[in-house]
Amino acid sequence: MASTEVTDDFYKRIETSDELSAKKRAILDFCQKYSDRKIALVTSGGTTVPLEKNTVRFIDNFSAGTRGAISAEYFLSHGYKVIFLHRHKSLAPFTRHLTGFGFLDCLKVEADGRISVIDDVAPTLRPVLDEYNKVKERDDLLRVSFISLSDYLWLLREAVQILNGHRSKALIYLAAAVSDFYVPDEFLALHKLQSSEGAPDLKLELVPKILAPLVKQWAPEAFTISFKLETDPTILKEKCRRALNTYRHRLVVGNILQTRRNVVYIVTADEDYAIETTDVEINNGVEIERKLVADLVVRHEKFMKDN
Ligand code: 9Z3
(Lines give C-alpha, C1' and ligand atoms only; values in the text may rest on other atoms or scores of the structure.)
Protein backbone atom coordinates (compact mmCIF):
# COMPACT_ATOMS: atom_id res chain seq x y z
CA MET A 1 0.00 0.00 0.00
CA ALA A 2 1.32 3.52 -0.80
CA SER A 3 2.07 5.65 2.29
CA THR A 4 -0.87 7.99 1.52
CA GLU A 5 -3.30 5.04 1.40
CA VAL A 6 -1.84 3.76 4.68
CA THR A 7 -2.62 7.14 6.25
CA ASP A 8 -6.16 7.31 4.81
CA ASP A 9 -6.81 3.83 6.13
CA PHE A 10 -5.34 4.80 9.51
CA TYR A 11 -7.63 7.85 9.81
CA LYS A 12 -10.61 5.50 9.39
CA ARG A 13 -9.38 3.58 12.43
CA ILE A 14 -9.16 6.52 14.86
CA GLU A 15 -12.03 8.37 16.46
CA THR A 16 -12.95 11.96 15.60
CA SER A 17 -14.04 14.25 18.40
CA ASP A 18 -17.40 16.04 18.64
CA GLU A 19 -15.52 19.33 18.82
CA LEU A 20 -13.60 18.82 15.60
CA SER A 21 -15.92 20.78 13.33
CA ALA A 22 -16.07 23.84 15.66
CA LYS A 23 -12.28 23.86 15.94
CA LYS A 24 -11.90 23.44 12.19
CA ARG A 25 -14.27 26.39 11.69
CA ALA A 26 -12.18 28.57 14.03
CA ILE A 27 -8.99 27.70 12.11
CA LEU A 28 -10.68 28.37 8.77
CA ASP A 29 -12.02 31.75 9.93
CA PHE A 30 -8.60 32.75 11.30
CA CYS A 31 -6.80 31.76 8.09
CA GLN A 32 -9.37 33.49 5.87
CA LYS A 33 -9.32 36.65 7.96
CA TYR A 34 -5.52 36.82 7.73
CA SER A 35 -5.10 35.48 4.22
CA ASP A 36 -2.34 37.99 3.41
CA ARG A 37 -0.30 37.31 6.57
CA LYS A 38 2.42 34.86 7.53
CA ILE A 39 0.88 32.19 9.74
CA ALA A 40 2.83 29.78 11.97
CA LEU A 41 1.13 26.59 13.06
CA VAL A 42 2.91 25.59 16.28
CA THR A 43 2.11 22.15 17.71
CA SER A 44 2.92 21.64 21.37
CA GLY A 45 2.75 19.16 24.24
CA GLY A 46 2.26 15.41 24.42
CA THR A 47 -0.54 13.28 23.02
CA THR A 48 -2.37 10.64 25.06
CA VAL A 49 -3.16 7.13 23.87
CA PRO A 50 -6.40 6.01 25.55
CA LEU A 51 -6.78 2.44 26.76
CA GLU A 52 -10.59 2.64 26.98
CA LYS A 53 -13.25 4.48 24.94
CA ASN A 54 -14.67 5.96 28.13
CA THR A 55 -11.15 6.90 29.07
CA VAL A 56 -9.95 6.38 32.62
CA ARG A 57 -6.42 5.33 31.72
CA PHE A 58 -4.08 6.38 28.96
CA ILE A 59 -0.43 6.27 27.91
CA ASP A 60 1.23 9.68 28.02
CA ASN A 61 4.69 11.21 27.63
CA PHE A 62 6.96 13.72 29.35
CA SER A 63 6.28 16.86 27.32
CA ALA A 64 4.87 19.85 29.19
CA GLY A 65 4.78 21.92 26.01
CA THR A 66 7.62 24.21 27.05
CA ARG A 67 9.26 24.33 23.61
CA GLY A 68 5.98 25.02 21.83
CA ALA A 69 4.74 27.69 24.28
CA ILE A 70 8.02 29.62 24.22
CA SER A 71 8.40 29.32 20.46
CA ALA A 72 4.85 30.60 19.89
CA GLU A 73 5.74 33.76 21.84
CA TYR A 74 8.79 34.34 19.65
CA PHE A 75 6.89 33.76 16.40
CA LEU A 76 4.36 36.35 17.62
CA SER A 77 7.18 38.78 18.38
CA HIS A 78 8.41 38.33 14.78
CA GLY A 79 5.02 39.43 13.42
CA TYR A 80 3.44 36.05 12.71
CA LYS A 81 -0.16 35.18 13.29
CA VAL A 82 0.05 31.96 15.30
CA ILE A 83 -2.22 28.92 15.52
CA PHE A 84 -1.16 27.25 18.75
CA LEU A 85 -2.27 23.61 18.56
CA HIS A 86 -1.59 22.40 22.04
CA ARG A 87 -2.29 19.68 24.57
CA HIS A 88 -5.09 20.78 26.90
CA LYS A 89 -3.59 22.21 30.14
CA SER A 90 -0.01 22.16 28.85
CA LEU A 91 2.09 25.33 28.95
CA ALA A 92 0.81 28.22 26.87
CA PRO A 93 2.40 31.45 25.63
CA PHE A 94 2.36 34.22 28.27
CA THR A 95 0.63 32.22 31.02
CA ARG A 96 3.73 29.99 31.13
CA HIS A 97 5.42 32.77 33.11
CA LEU A 98 2.84 32.38 35.88
CA THR A 99 2.33 28.69 36.49
CA GLY A 100 1.86 26.83 39.76
CA PHE A 101 2.99 28.40 43.00
CA GLY A 102 4.93 31.01 41.02
CA PHE A 103 1.59 32.69 40.36
CA LEU A 104 0.58 32.83 44.02
CA ASP A 105 4.07 33.97 44.99
CA CYS A 106 3.58 37.04 42.78
CA LEU A 107 0.63 38.26 44.81
CA LYS A 108 0.19 39.97 48.15
CA VAL A 109 -2.82 41.01 50.21
CA GLU A 110 -2.80 44.73 51.07
CA ALA A 111 -3.86 46.13 54.46
CA ASP A 112 -7.23 47.15 52.99
CA GLY A 113 -7.80 43.59 51.67
CA ARG A 114 -7.08 44.38 48.01
CA ILE A 115 -4.78 41.99 46.15
CA SER A 116 -1.78 43.36 44.28
CA VAL A 117 1.41 42.15 42.61
CA ILE A 118 4.52 42.26 44.79
CA ASP A 119 7.03 44.97 43.84
CA ASP A 120 9.88 42.56 43.01
CA VAL A 121 8.01 40.77 40.23
CA ALA A 122 6.24 43.77 38.68
CA PRO A 123 9.20 44.65 36.39
CA THR A 124 9.31 41.11 34.93
CA LEU A 125 5.54 40.75 34.76
CA ARG A 126 4.80 44.09 33.09
CA PRO A 127 6.45 43.31 29.70
CA VAL A 128 4.70 39.92 29.60
CA LEU A 129 1.34 41.55 30.28
CA ASP A 130 2.00 44.35 27.77
CA GLU A 131 2.95 41.85 25.09
CA TYR A 132 -0.05 39.64 25.84
CA ASN A 133 -2.44 42.59 25.66
CA LYS A 134 -1.03 43.64 22.27
CA VAL A 135 -1.37 40.09 20.95
CA LYS A 136 -4.96 39.92 22.22
CA GLU A 137 -5.89 43.29 20.76
CA ARG A 138 -4.44 42.41 17.35
CA ASP A 139 -6.03 38.95 17.43
CA ASP A 140 -2.63 37.42 16.67
CA LEU A 141 -3.08 34.11 18.47
CA LEU A 142 -5.58 31.29 17.97
CA ARG A 143 -5.46 28.57 20.61
CA VAL A 144 -6.77 25.11 19.72
CA SER A 145 -6.46 22.22 22.15
CA PHE A 146 -6.21 18.44 21.88
CA ILE A 147 -5.80 15.65 24.40
CA SER A 148 -5.53 12.32 22.62
CA LEU A 149 -3.38 11.25 19.71
CA SER A 150 -6.48 10.97 17.51
CA ASP A 151 -7.71 14.51 18.45
CA TYR A 152 -4.25 15.78 17.53
CA LEU A 153 -4.02 13.93 14.23
CA TRP A 154 -7.48 15.00 13.04
CA LEU A 155 -6.84 18.62 13.99
CA LEU A 156 -3.38 18.60 12.46
CA ARG A 157 -4.72 17.33 9.14
CA GLU A 158 -7.52 19.91 9.07
CA ALA A 159 -5.24 22.78 10.08
CA VAL A 160 -2.50 21.89 7.60
CA GLN A 161 -4.95 21.45 4.72
CA ILE A 162 -6.48 24.84 5.47
CA LEU A 163 -3.03 26.43 5.76
CA ASN A 164 -2.14 25.08 2.34
CA GLY A 165 -4.03 28.11 0.99
CA HIS A 166 -1.30 30.31 2.48
CA ARG A 167 1.30 28.58 0.28
CA SER A 168 4.83 29.71 1.20
CA LYS A 169 3.48 32.12 3.86
CA ALA A 170 2.57 29.10 6.02
CA LEU A 171 5.17 27.87 8.49
CA ILE A 172 4.45 24.52 10.17
CA TYR A 173 6.44 23.91 13.37
CA LEU A 174 5.86 20.38 14.67
CA ALA A 175 7.15 20.56 18.26
CA ALA A 176 4.45 18.36 19.84
CA ALA A 177 5.66 15.07 21.30
CA VAL A 178 3.49 12.67 19.34
CA SER A 179 3.07 9.02 20.21
CA ASP A 180 4.39 6.50 17.70
CA PHE A 181 2.04 3.80 19.02
CA TYR A 182 -1.71 3.55 19.51
CA VAL A 183 -4.57 1.14 20.15
CA PRO A 184 -6.95 1.08 17.14
CA ASP A 185 -10.59 1.85 17.90
CA GLU A 186 -11.75 -1.67 17.20
CA PHE A 187 -9.53 -3.05 20.00
CA LEU A 188 -10.49 -0.45 22.60
CA ALA A 189 -12.66 -1.60 25.49
CA LEU A 190 -15.81 0.52 25.83
CA HIS A 191 -15.64 0.74 29.61
CA LYS A 192 -12.96 0.91 32.28
CA LEU A 193 -10.66 -2.11 32.22
CA GLN A 194 -11.38 -4.33 35.21
CA SER A 195 -8.47 -5.59 37.29
CA SER A 196 -10.68 -8.52 38.37
CA GLU A 197 -10.30 -9.77 34.78
CA GLY A 198 -6.51 -9.88 35.07
CA ALA A 199 -3.76 -7.79 33.48
CA PRO A 200 -4.85 -6.47 30.07
CA ASP A 201 -3.20 -7.89 27.00
CA LEU A 202 -2.35 -4.58 25.33
CA LYS A 203 -1.50 -4.65 21.68
CA LEU A 204 -0.14 -1.37 20.38
CA GLU A 205 0.14 -0.65 16.68
CA LEU A 206 2.45 1.72 14.86
CA VAL A 207 1.13 5.16 13.91
CA PRO A 208 1.97 5.73 10.24
CA LYS A 209 4.41 8.56 9.51
CA ILE A 210 2.09 11.52 9.11
CA LEU A 211 4.89 13.71 7.80
CA ALA A 212 4.72 11.84 4.46
CA PRO A 213 1.20 12.99 3.42
CA LEU A 214 1.64 16.30 5.27
CA VAL A 215 4.56 17.31 3.06
CA LYS A 216 3.49 15.64 -0.18
CA GLN A 217 -0.25 16.21 -0.19
CA TRP A 218 -1.67 18.40 2.56
CA ALA A 219 0.62 21.44 2.37
CA PRO A 220 3.34 20.89 -0.23
CA GLU A 221 4.21 24.59 -0.48
CA ALA A 222 4.48 25.37 3.23
CA PHE A 223 7.73 25.84 5.15
CA THR A 224 7.54 22.68 7.24
CA ILE A 225 9.84 22.06 10.20
CA SER A 226 9.78 18.74 12.02
CA PHE A 227 11.46 17.86 15.31
CA LYS A 228 13.43 14.73 16.05
CA LEU A 229 13.83 13.69 19.65
CA GLU A 230 16.39 11.13 20.77
CA THR A 231 18.04 10.14 24.05
CA ASP A 232 21.22 8.73 22.46
CA PRO A 233 23.39 11.60 21.13
CA THR A 234 25.34 9.29 18.81
CA ILE A 235 22.36 8.67 16.52
CA LEU A 236 20.66 12.08 16.50
CA LYS A 237 22.28 13.75 13.49
CA GLU A 238 21.96 10.70 11.30
CA LYS A 239 18.25 10.31 12.27
CA CYS A 240 17.59 13.99 11.42
CA ARG A 241 19.29 13.65 8.02
CA ARG A 242 17.36 10.47 7.33
CA ALA A 243 14.03 12.16 8.19
CA LEU A 244 14.85 15.07 5.85
CA ASN A 245 15.85 12.73 3.01
CA THR A 246 12.70 10.66 3.48
CA TYR A 247 10.09 13.42 3.71
CA ARG A 248 11.90 16.14 1.77
CA HIS A 249 10.48 18.98 3.84
CA ARG A 250 12.46 22.12 4.63
CA LEU A 251 14.18 21.47 7.93
CA VAL A 252 14.58 19.14 10.91
CA VAL A 253 15.35 20.37 14.42
CA GLY A 254 17.08 17.64 16.38
CA ASN A 255 17.26 17.55 20.17
CA ILE A 256 18.36 15.25 22.95
CA LEU A 257 15.93 14.84 25.83
CA GLN A 258 18.53 15.62 28.51
CA THR A 259 20.05 18.71 26.82
CA ARG A 260 17.05 20.10 24.92
CA ARG A 261 17.13 23.45 26.73
CA ASN A 262 20.84 24.02 25.89
CA VAL A 263 21.29 22.79 22.35
CA VAL A 264 19.33 22.01 19.20
CA TYR A 265 20.67 20.81 15.82
CA ILE A 266 19.44 22.32 12.60
CA VAL A 267 19.51 20.05 9.59
CA THR A 268 18.61 21.38 6.13
CA ALA A 269 19.21 20.06 2.61
CA ASP A 270 22.67 21.61 2.50
CA GLU A 271 23.70 22.48 6.04
CA ASP A 272 23.78 21.24 9.59
CA TYR A 273 24.81 23.13 12.69
CA ALA A 274 24.05 23.52 16.37
CA ILE A 275 22.31 26.41 18.10
CA GLU A 276 23.34 26.65 21.72
CA THR A 277 22.74 28.62 24.88
CA THR A 278 25.50 28.77 27.45
CA ASP A 279 24.80 28.36 31.18
CA VAL A 280 25.55 32.05 31.65
CA GLU A 281 22.94 32.94 29.02
CA ILE A 282 20.40 30.59 30.59
CA ASN A 283 21.02 32.19 34.00
CA ASN A 284 20.37 35.55 32.37
CA GLY A 285 17.02 34.34 31.05
CA VAL A 286 18.06 33.67 27.45
CA GLU A 287 15.84 30.94 26.03
CA ILE A 288 17.15 28.72 23.25
CA GLU A 289 13.86 29.19 21.38
CA ARG A 290 14.71 32.87 20.92
CA LYS A 291 17.77 31.92 18.86
CA LEU A 292 16.03 29.00 17.16
CA VAL A 293 12.99 30.98 16.06
CA ALA A 294 15.12 33.94 14.90
CA ASP A 295 17.11 31.53 12.72
CA LEU A 296 13.96 29.92 11.28
CA VAL A 297 12.34 33.27 10.54
CA VAL A 298 15.32 34.31 8.38
CA ARG A 299 15.13 31.00 6.52
CA HIS A 300 11.38 31.35 6.05
CA GLU A 301 11.81 34.90 4.66
CA LYS A 302 14.27 33.59 2.08
CA PHE A 303 11.95 30.68 1.25
CA MET A 304 9.04 33.08 0.64
CA LYS A 305 11.18 35.24 -1.65
CA ASP A 306 12.36 32.23 -3.65
CA ASN A 307 8.86 30.78 -3.98
C1 9Z3 B 1 10.45 17.74 20.24
O2 9Z3 B 1 11.45 17.15 19.97
C3 9Z3 B 1 10.40 18.87 21.27
O4 9Z3 B 1 11.53 19.67 21.17
C5 9Z3 B 1 10.26 18.33 22.73
C6 9Z3 B 1 10.11 19.55 23.66
C7 9Z3 B 1 9.02 17.45 22.83
C8 9Z3 B 1 11.51 17.55 23.13
P9 9Z3 B 1 9.21 20.11 26.06
O10 9Z3 B 1 7.76 20.02 25.73
O11 9Z3 B 1 9.98 19.17 24.98
O12 9Z3 B 1 9.76 21.50 25.87
O13 9Z3 B 1 9.57 19.52 27.38
N14 9Z3 B 1 9.26 17.42 19.66
C15 9Z3 B 1 9.09 16.34 18.70
C16 9Z3 B 1 9.03 15.01 19.37
C17 9Z3 B 1 8.52 13.93 18.47
O18 9Z3 B 1 7.48 13.40 18.73
N19 9Z3 B 1 9.24 13.59 17.42
C20 9Z3 B 1 8.95 12.39 16.67
C21 9Z3 B 1 10.27 11.71 16.46
O22 9Z3 B 1 11.27 12.13 17.06
C23 9Z3 B 1 8.21 12.67 15.41
S24 9Z3 B 1 8.75 13.95 14.39
O25 9Z3 B 1 10.32 10.70 15.75
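How about the range 225-257: which of its residues are of a type in the set (A, V, I, L, M, F, W, C), near the ligand (Cβ under 10 Å from one of its atoms) and in a helix (DSSP H, G or I)?
236, 240, 243, 257
For the range 223-239, give me the residue count where each residue is farther than 21 Å from residue 45 by Cβ and under 18 Å from the mean Cα position of the chain (by Cα).
Number of matching residues: 1.
If you go through the range 36-80, how many residues are surrounded by fewer than 20 Cβ atoms within 10 Å (Cβ to Cβ), in a loop (DSSP other than H, G, I, E, B) and of a type in the set (Gly, Ala, Ser)?
Residues flagged as surrounded by fewer than 20 Cβ atoms within 10 Å (Cβ to Cβ), in a loop (DSSP other than H, G, I, E, B) and of a type in the set (Gly, Ala, Ser) within the range 36-80 amount to 2.
Listed here are the residues, each with its yes/no results for (1) acidic (Asp, Glu); (2) touching a strand residue (DSSP E or B) at 6+ places or on another chain (Cβ under 9 Å).
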| position | (1), (2) |
| --- | --- |
| 31 | no, yes |
| 52 | yes, yes |
| 84 | no, yes |
| 99 | no, no |
| 106 | no, yes |
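Any idea which residue in the range 271-300 is nearest to the ligand (Cβ to nearest atom), counting only those that are part of a loop (DSSP other than H, G, I, E, B) and modelled with pLDDT under 95? Steps first, please.
As a first pass, look at the range 271-300 and keep what is part of a loop (DSSP other than H, G, I, E, B): 271, 277-278, 284-287.
Adding the requirement that they be modelled with pLDDT under 95 leaves 278, 284-285.
Details: 278: 19, 284: 20, 285: 16 Å.
So, considering only residues that are part of a loop (DSSP other than H, G, I, E, B) and modelled with pLDDT under 95, the one nearest to the ligand (Cβ to nearest atom) is 285.
Under the condition of being more than 16 Å from the ligand (Cβ to nearest atom) and basic (Lys, Arg), which residue from the range 26-80 is nearest to residue 298 (Cα to Cα)?
Once the filter is applied, the top-ranked residue is 38.
Looking at residue 20, is it within 23 Å of residue 209 (Cβ to Cβ) and surrounded by 18 or more Cβ atoms within 10 Å (Cβ to Cβ)? Write out each step before concluding.
Numbers: within 23 Å of residue 209 (Cβ to Cβ): yes; surrounded by 18 or more Cβ atoms within 10 Å (Cβ to Cβ): no.
It is false that residue 20 is within 23 Å of residue 209 (Cβ to Cβ) and surrounded by 18 or more Cβ atoms within 10 Å (Cβ to Cβ).
For residue 83, all conditions in the list (1) buried (at least 24 other Cβ atoms within 10 Å of the Cβ); (2) part of a strand (DSSP E or B); (3) within 16 Å of the ligand (Cβ to nearest atom) hold save one; what is the number of the exception?
(3)
The rows are residues; the columns are (1) basic (Lys, Arg); (2) without any contact (Cβ under 8 Å) to a residue 40 or more places away in the chain.
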site: 115; (1), (2): no, yes
site: 119; (1), (2): no, yes
site: 143; (1), (2): yes, no
site: 148; (1), (2): no, no
site: 153; (1), (2): no, no
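Could you list, in sequence order, all residues of the range 169-186 that are of a type outside the set (A, V, I, L, M), farther than 23 Å from residue 289 by Cβ and away from the ligand (no atom under 12 Å from the Cβ)?
If the condition is that a residue be of a type outside the set (A, V, I, L, M), farther than 23 Å from residue 289 by Cβ and away from the ligand (no atom under 12 Å from the Cβ), then 182, 184, 185, 186 are the ones that fit.
Of the conditions (1) polar (S, T, N, Q); (2) within 18 Å of residue 68 (Cβ to Cβ); (3) over 19 Å from the mean Cα position of the chain (by Cα), residue 246 clears all except one; give me its number.
All conditions are met except number (2).
The values are calculated or read from the model by the stated rules, or taken from the named source; none is laboratory data. As the structure is a computational prediction, the values presented were derived from the model and not from experiment. Counting neighbours? That spans all protein chains shown, and the Cβs are built from the backbone with ideal geometry, glycine included.
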